[in-house]
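Novice: Sharing a structure below in structure tokens format, with a few things to ask.
The values are calculated or read from the model by the stated rules, or taken from the named source; none is laboratory data. Computed from a prediction, not measured in an experiment: that's the story for all the values here. In this analysis, Cβ positions are derived from the backbone assuming ideal geometry, glycine residues included, and neighbour counts consider all displayed protein chains. Ligands, DNA and RNA are stripped out before the accessible areas are found, and what is left, the full protein with its side chains, is counted by its heavy atoms. Shrake-Rupley method; radii C 1.70, N 1.55, O 1.52, S 1.80 Å.
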Amino acid sequence: MKAENLNFDRFDIEKVRADFPILGLQVSGKPLVYLDNAASSQMPQAVIDRIVQYQTAEHSNIHRAVHYLSELATREYEEARVKVQHFLKAQEAREIIFTRGTTEAINLVMHGYGRAFIGKGDEIILSGLEHHANIVPWQMLAQEKGAILRVIPMNDAGELLIDEFEALFNEKTKFLALTHVSNALGTVNPVKKMIAFAHRHGVPVLLDGAQAAPHQPVDVQDLDCDFYAFSGHKLCGPTGIGVLYGKAKLLEKMQPFQGGGDMILSVTFEKTTYNVIPSKFEAGTPPIMAAIALGAAIDYLNGIGLANIEAYEKQLLDYATEKVSALNGVRIIGTAAKKAAVLSFEIKGVHPHDVGTILNDDGIAIRTGHHCAQPVMQRFHVPATARASFAFYNTRQEIDKLVVGIRKVQEMFS
Amino acid sequence: MSDMRQLYQEVILDHNRKPRNFGSILAANRHAEGHNPLCGDHIKLTMNVSDNKIETIAFEGEGCAICKASASMMTGAVKGKLVQDAEIMIEEFRGMATGTLDPDGQDNHLGRLKVFVGVKDLPSRVKCAILPWHTLHAALNPALNPTQAEPSISTEGEADPVSDHA
Ligand SMILES: Cc1ncc(COP(=O)(O)O)c(C=O)c1O
């Protein structure tokens, strides 16, 4: 598609930008160009207001007292759970567990499911695209149990090799942990097909949705995944909150993750009876404010529409891909046919860290490094990449500034 | 852009393009490796020390311009120096990079290394500049890493990696 023909007026971008106070910031004396959304997104005023409202007039501990504030906070916390349920199209609210983030959600599944149902000689399949959050917990489990990790390889575009994926399955395969969208390359994996294949072998599937949930509609029932994890802070919400969706049937037979208050029905020194789901997995006082703010973030995103967000970001990505690939001496890493709004690139002869520092001088925020995906870096034989990642509040003008910035870097290092 | 020119001075860009003392010394009697996992910087130092003097020194590895230029200029600066003088320079370089030593206002032996003064305003880059020096410190003090055959340094999560040995 030619950049000139793109239709950028699907929604009112100026109005959207005005919702985000931080986008008015000046950095290094220049207007902030925030292109590090895959690391963490920004928060709209509506969510900030919700936080202030909660802390000003609604806060108390939940599930614990009969007084007004406790009942109010409990109701709102549980309403946030229902918002997440609808956001993911889950069948029931009790299938939604609040966690600290994607990392904790995956660790919960590793402890609660993995330690109970994966044993010596069993095999866990991961993909070569995984974030460390979806590698290290499984490696720890494999070490503890004597299980084996098998890795789905990818091609030079950063697409998983589906034939090789299918060939990894055997009677020892016990789990598939797969990223929905790659944070390092932007690859959108054909997860629905892969899940169906795994299920034909009786293998449950966890999807790491950290980079998918903020950028496209997700329907866990349609995907038929067994677990789905994402983080609030990448979805216009606050840090400290994330979500694990799990099929009720599985969650019920899993072991608890942490022990403490709220996750019990009764405790004596002889025996503890665990609470029902989701409480079984929410030991201690949860991040109440953050959960309610995540609910507000979901309301905000629904107001724009995830399908609209996906379409708009696709246009931004196409535009950025066209502009950046037209530059000499710049290589885009990750050229999958189906990609989300991530552009990883390398400037010939310049280390990504220097690229990041020089762009910062123009107010442009990108991420440089291995993006917590060192196996991906090794696959492409680079120590690190520079990564611009877009959100629905970014503009073509900002991408133009990125391109000017890249040229400046090249000039300086020429 | 002028700030950036201050940091990426021609000397630094030149050492980045054509690092000096690049490679490794086969019969080295001191060596250490340094990592900065955050940005993938990786430096391997090899050297020969005899009679308390750094006779030869070389480095190899992957790194950003700041790290490579710092390593390149460091090898030039400490070659032929006594170990204790190199240690003084390590301290001074670290002081300059973290802003506790003003290289123009206070006595020091940094000389041309002063071109790195600009990193003190960029907290995320301080580690890049210091990594080679930190690695040198480890190579000169194998006793600091008694459990490791190969002294190995990581600057992950530390603003001032040298200080934990101080
Ligand atoms: C694909 C992917 N998985 C997992 C994570 C970890 O998320 P968090 O740090 O919020 O737990 C991230 C975020 O960096 C990610 O991009």
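Novice: Using 0.36 nm per residue, how much length does the chain from A:ASP318 to A:GLN53 gain when fully extended, once their Cα-Cα distance is taken away?
Specialist: 91.5 nm
Novice: Related question: How would A:LYS15, A:LYS253 line up by accessible area, probe 1.4 Å, largest first?
Specialist: The most accessible residue leads, giving A:LYS15, A:LYS253.
Novice: What ranking do A:220-228, A:162-170 get when scored by the average of other Cβ atoms within 10 Å per residue, highest first?
Specialist: Highest-to-lowest ranking by the protection proxy: A:220-228, A:162-170.
Novice: Mind jotting down the distance between the C-alpha centroids of segment A:29-56 and segment A:129-154, whole Å?
Specialist: Computed from Cα coordinates, the inter-centre distance equals 33 Å.
Novice: Among B:VAL126, B:VAL83, B:VAL11, determine the one that fluctuates most according to a GNM of chain B built with springs between C-alpha atoms less than 10 Å apart.
Specialist: Looking only at B:VAL126, B:VAL83, B:VAL11, the largest GNM fluctuation is found for B:VAL11.
Novice: Given the pairs B:LYS18/B:LYS53; A:LYS15/A:LYS339; A:LYS401/B:LYS114, which are separated by over 30 angstrom at their Cα positions?
Specialist: In this structure, A:LYS401/B:LYS114 lie more than 30 Å apart at Cα.
Novice: Whole number in Å², please: accessible area per residue of chain A, 1.4 Å probe, ligands, DNA and RNA not counted.
Specialist: Solvent-accessible surface per residue comes out at 40 Å².
Novice: I've got another one for you. Give the residue from A:GLN26, A:THR335, A:VAL350 lying farthest towards the positive end of the charge dipole for the protein assembly as shown; charges sit on Cβ (+1 for Lys and Arg, -1 for Asp and Glu) and the dipole is referred to the Cα centre.
Specialist: The one lying farthest along the dipole's positive direction is A:THR335.
Novice: Return, ordered by residue number, the residues of segment B:29-54 whose backbone nitrogen is under 20 Å from a label point located 7 Å along Cα→Cβ of B:GLN84.
Specialist: From segment B:29-54, the list is B:49-54.
Novice: Kindly identify segment B:3-165 as rounded, prolate or oblate by the Cα gyration tensor criterion: order the square roots of the eigenvalues as a ≥ b ≥ c, call it rounded if a/c is under 1.5, otherwise compare a/b with b/c, prolate if a/b is larger, else oblate.
Specialist: rounded
Novice: Also, I was wondering about something else. Once you average over the residues of B:3-11, how many Cβ atoms of partner chains fall within 10 Å of each Cβ?
Specialist: If you average over the peptide's residues, the count of other-chain Cβ atoms is 3.
Novice: At a cut-off of 20 Å², which residues of segment B:12-49 become less accessible once all protein chains are present than in their chain alone, using a 1.4 Å probe?
Specialist: Buried by the other chains: B:LEU13, B:ASN16, B:ARG17, B:PRO37, B:LEU38, B:CYS39, B:GLY40.
Novice: Chains B and A: how much accessible area gets covered up at their contact, both sides added, probe 1.4 Å, in Å² to the nearest hundred?
Specialist: Protein heavy atoms only, the B-A interface buries about 1600 Å².
Novice: Continuing with the same structure: Give me the distance in nm between label points sitting 7 Å out from Cα along the Cα-to-Cβ direction at A:VAL136 and A:LYS172, one decimal.
Specialist: That separation, rounded to one decimal, is 2.7 nm.
Novice: Leaving ligands, DNA and RNA out of it, report the carbon-plus-sulfur percent of the accessible area of the protein assembly as shown at a 1.4 Å probe.
Specialist: Carbon and sulfur atoms account for 51 percent of the accessible area of the protein assembly as shown.
Novice: Which angle between 0 and 90 degrees, to the nearest 10, do you get for helix B:65-78 versus the longest principal axis of chain B when only C-alpha atoms count?
Specialist: With both axes taken from Cα atoms, the answer is about 60 degrees.
Novice: Also: Report the full-extension gain for the segment A:SER414 to A:GLN91: residue separation times 0.36 nm, less the Cα-Cα distance, to one decimal in nm.
Specialist: That works out to 110.6 nm of additional length.
Novice: Moving on. Is the shape of segment A:48-303 best called rounded, prolate or oblate, per the rule: a/c under 1.5 gives rounded, else a/b larger than b/c gives prolate, else oblate, with a ≥ b ≥ c the square roots of the Cα gyration tensor eigenvalues?
Specialist: Judged from the Cα gyration tensor, segment A:48-303 comes out oblate (a/c at least 1.5, b/c at or above a/b).
Novice: Determine the residues within segment A:331-351 where the difference in accessible area between the chain on its own and the full set of protein chains amounts to at least 40 Å²; count protein heavy atoms only and use a 1.4 Å probe.
Specialist: By number: A:HIS351.
Novice: Using a 10 angstrom cutoff on alpha carbons, build the Gaussian network for chain A and name the most mobile of A:LEU207, A:LEU161, A:LEU149.
Specialist: Looking only at A:LEU207, A:LEU161, A:LEU149, the biggest GNM fluctuation is shown by A:LEU161.
Novice: Then there is this: Pick out which of B:CYS128, B:CYS67, B:CYS39 has the largest mean-square fluctuation in a Gaussian network model of chain B, springs linking Cα atoms closer than 10 Å.
Specialist: Maximum among the listed residues: B:CYS39.
Novice: On to the next question. Given the rule -39500 (n - 2.57) for each run of at least 4 DSSP H residues, summed and divided by the residues of chain B, what is its mean residue ellipticity at 222 nm, to the nearest 500 deg cm²/dmol?
Specialist: Taking each H run of at least 4 residues, the total per residue is -11500 deg cm²/dmol.
Novice: Now a separate question. Suppose all protein chains stay in the model; what accessible area per residue would a 1.4 Å probe give for chain B, in Å²?
Specialist: So chain B comes to 44 Å² accessible per residue, rounded to a whole number.
Novice: Can you name the helices of chain A, as whole DSSP H runs, whose Cα span along the helix axis is 20 Å or more and whose Kyte-Doolittle mean is not below -0.5?
Specialist: Helices meeting the span and hydropathy rule in chain A are A:288-304, A:306-325, A:396-413.
Novice: Then there is this: Using all Cα-Cα distances in the protein assembly as shown, what percent lands in each 10 angstrom bin from 0 up to the longest?
Specialist: Percent of pairs per bin, in order: 3, 16, 23, 23, 20, 12, 4, 0.
Novice: Is there a simple number for the mean count of other chain Cβ atoms within 10 Å of the Cβ of residues in A:359-372, and what is it?
Specialist: Counting other chains' Cβ atoms within 10 Å and averaging over A:359-372 gives 2.
Novice: I'd like the distance separating the alpha-carbon centroids of segment A:228-250 and segment A:58-101, in whole Å.
Specialist: 13 Å
Novice: Which value in nm describes the separation of the simple spin-label points at A:GLU144 and B:ASN141, placed 7 Å from the Cα toward the beta carbon?
Specialist: Between A:GLU144 and B:ASN141, the simple spin-label model gives 3.8 nm.
Novice: While we're looking at this one, here's another question. Give the percent of DSSP beta bridges with both residues in chain A that are antiparallel, rounded to the nearest 5.
Specialist: 60 percent
Novice: Run the numbers on segment B:59-76: which residues show a drop of 10 Å² or more in accessible area, chain on its own versus all protein chains together, using a 1.4 Å probe over heavy atoms?
Specialist: B:GLU62, B:GLY63, B:CYS64, B:ALA65
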